[in-house]
């Protein structure tokens, strides 16, 4: 195991923050895994603890056939952001920016570097594009903030990986994945191993989140250079490891073992491993997801459990204003699965309270909320 540390730029005077990365194995193929980019989403960090232990043992046994890089705490900035004993790890205090938005978009810079050099050999093209991605990041002007520096280091390590797993969670949630439609066939077995109850597909959900920053350049480069054989060489996904409170040891150990099994299936780990379950959740378009909001302030009571299959008109939650006695019931506007709920129980203006994954397209434009 190799432990690599990066000093982030632009820390406050007299202070410094470091990002730790752990590298296991060697070989031409690579998987990159990071946890808790939203620093208050701790199940990923707990799963990473188990992954680190397992990967160290597998490396000692000589069973790693490629490189696996693990960043157990991907956000040393947000991990320290406490306000009145409450962790605030989603937005950077200094800028107000979401830690998982606005990663560098590499397509244009990479296209300029590889133009006229691509051919009909997919392997050669893949190696050329990965070098160009690394060069494009290295050639960028110096980072103008600590957050900017963090984004670049993370993307620098992920941009040459065959598999990228970004471990997150929602407020209260079932297990689910976000990925591009083109990657669903290769990630279906991962969803099955994890026992995911939903997978949401989008070819660009808006905001250039980390997984899309890794995967979408391959798609766009293939469109720009149709005469070249450019594979979708980076299968990237965001894994929502249930809800914020789901850090129990057995549950997280099972999730880590599912990820290890998937990496073995991809040829990165040798040995005998259980086959992925044949049954798996249905993948649905992210544009088919209902974000349900309250029509007025009040105390919230949910009327459906997580994972419930609902139909149009079914009640999702009720809102009761204790001062005016106004009472409203918010209902499903699509058939689907209730996959996430807000952890707070008082309705706030403009903040979603429940999410339902449906098959009918009901949204357009930017799909990700902040």
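The values are calculated or read from the model by the stated rules, or taken from the named source; none is laboratory data. Note that the structure is a prediction, hence the values are computed from the model and not measured. As a convention, Cβ positions derive from the backbone with ideal geometry for all residues, glycine included, and neighbour counts pool all protein chains shown.
Please go through region 195-224 and give me each residue that is in contact with a strand residue (DSSP E or B) (Cβ under 8 Å, 6 or more places away or on another chain) and modelled with pLDDT under 95, ordered by number. Write out each step before concluding.
Within region 195-224, the first condition is being in contact with a strand residue (DSSP E or B) (Cβ under 8 Å, 6 or more places away or on another chain), and the residues that meet it are 196-202, 205, 207, 209-212, 214-215.
If the condition is that a residue be in contact with a strand residue (DSSP E or B) (Cβ under 8 Å, 6 or more places away or on another chain) and modelled with pLDDT under 95, then 205, 207 are the ones that fit.
Only one of the numbered conditions (1) closer than 30 Å to residue 91 by Cα; (2) touching a residue at least 40 places away in the same chain (Cβ under 8 Å); (3) outside any helix (DSSP H, G or I) is not met by residue 15, and that is (2).
So, residue 27, is that one in a loop (DSSP other than H, G, I, E, B) and on the phi > 0 side of the Ramachandran plot or not? Before you say what the answer is, go through the steps one by one.
On the way: in a loop (DSSP other than H, G, I, E, B): yes; on the phi > 0 side of the Ramachandran plot: yes.
Yes; evaluated as a whole, the condition is true for this residue.
Here residue 251 clears all of (1) touching a strand residue (DSSP E or B) at 6+ places or on another chain (Cβ under 8 Å); (2) more than 18 Å from residue 113 (Cβ to Cβ); (3) surrounded by 17 or more Cβ atoms within 10 Å (Cβ to Cβ) except the condition numbered (3). The condition (being part of a strand (DSSP E or B) and assigned by TED's automatic domain parsing to the domain that holds residue 184) is satisfied by just one residue among 238, 247: 238.
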